[in-house]
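The values are calculated or read from the model by the stated rules, or taken from the named source; none is laboratory data. Here the structure is a predicted model, which is why all the values come from computation and not from measurement. Calculation scope for accessible area: heavy atoms of the full protein, side chains included, ligands and nucleic acids excluded. Shrake-Rupley method; radii C 1.70, N 1.55, O 1.52, S 1.80 Å.
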Amino acid sequence: MVTRKDIHDRVLNATSKEELATVYGEWAEQYDTDLIDEMGYVAPVIASQLLQGYVDDLNARILDAGCGTGLVGENLHQKGYRNLEGFDYSAQMLEKAKAKEVYNRLHQGDLTARLDLAENNYDAIISVGTFTSGHVGPEAFDELIRITRPGGHLCFTVRDQAWEEDNYRFAMDKLEKSGVWKCVEEKTTDYIQQEGSSCKVCIYQKCL
Ligand SMILES: C[S@@+](CC[C@H](N)C(=O)[O-])C[C@H]1O[C@@H](n2cnc3c(N)ncnc32)[C@H](O)[C@@H]1O
C-alpha cells in the first residue's frame, strides 16, 4: 500500500521534473485529505492571510504559481478575491484545481522556464509549497517579477530546509540590491504541523 509518508518522501526526493510530475499525478486525488486533514498543512492559510493585508482590491489579478489542487485559490476566493489564475506543471493537480471553480484561468507550464505570460500582467503573485526541495528554486524569481506589475506584490513560502540548501537569502538580496524588488515582510511560521516543519513566508514588492 502506498502511504502518505511514502508519497511525501517521493515528492521531496524527486530527481527530475518528470518524476515529480508523475508523483503529483498519483497524489492529486488524495492530496487535500492527506495534507490538510492528516498532516496539518497550514502554509496556504497563513500565506493567503498575509497577502490579503497588502491587496485591498478584490478584483486584483492574482496568479497562484504552483497552484496544485487549488488550496490557496480556495482560501483567497473565500476572502472574496474574484480574479484568480493558477499555474502548475501537473495536469492532474490542475484538474483538481479546476473542479474547485475558484480560478478564472489555469495555465500548465514550468516555473523554471520562460513563462508564456505577458510582463507587468499581475497585481500579485502567490506561491505556496512550491519553493521547496526538488521543486522550484530561486532561479524562478526573475520570471515571476517580470510578470508582476510595478508596485505589485509577490508572496511566497520557502520550506526551511530548502532555504538553507538553495541559499535563498543570497538570491533575494541580490535582486533587492539590483533594484527590482524590495522586501516588505518576512517571517518564519509553521509549514506542516504534524512533521514539525517550518517555512519562511515572504512578501516582496516590485519596484516602480
Ligand atoms: C506542494 S505542492 C503546492 C501546491 C499548492 N500551492 C498548495 O499549497 O497546496 C507543489 C506544486 O508545485 C508544482 N510544481 C513543482 N515544480 C513545478 C514547476 N517547475 N513548474 C510548475 N509547477 C511546479 C507541483 O506540480 C505541485 O502542484
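The apolar share of the surface of the chain, taken as the fraction of accessible area on carbon and sulfur atoms (1.4 Å probe, ligands and nucleic acids excluded), comes to 45 percent.
Legend: Rg and Dmax of the chain, from Cα coordinates, 15.8, 53 Å. The relative contact order of the stretch 4-206 comes to 21 percent, based on Cα pairs under 8 Å that sit 6 or more residues apart. Overall dimensions of the stretch 83-138, expressed as equivalent-ellipsoid semi-axes from the Cα gyration tensor (√(5λ), whole Å, largest first), are 18, 16, 11.
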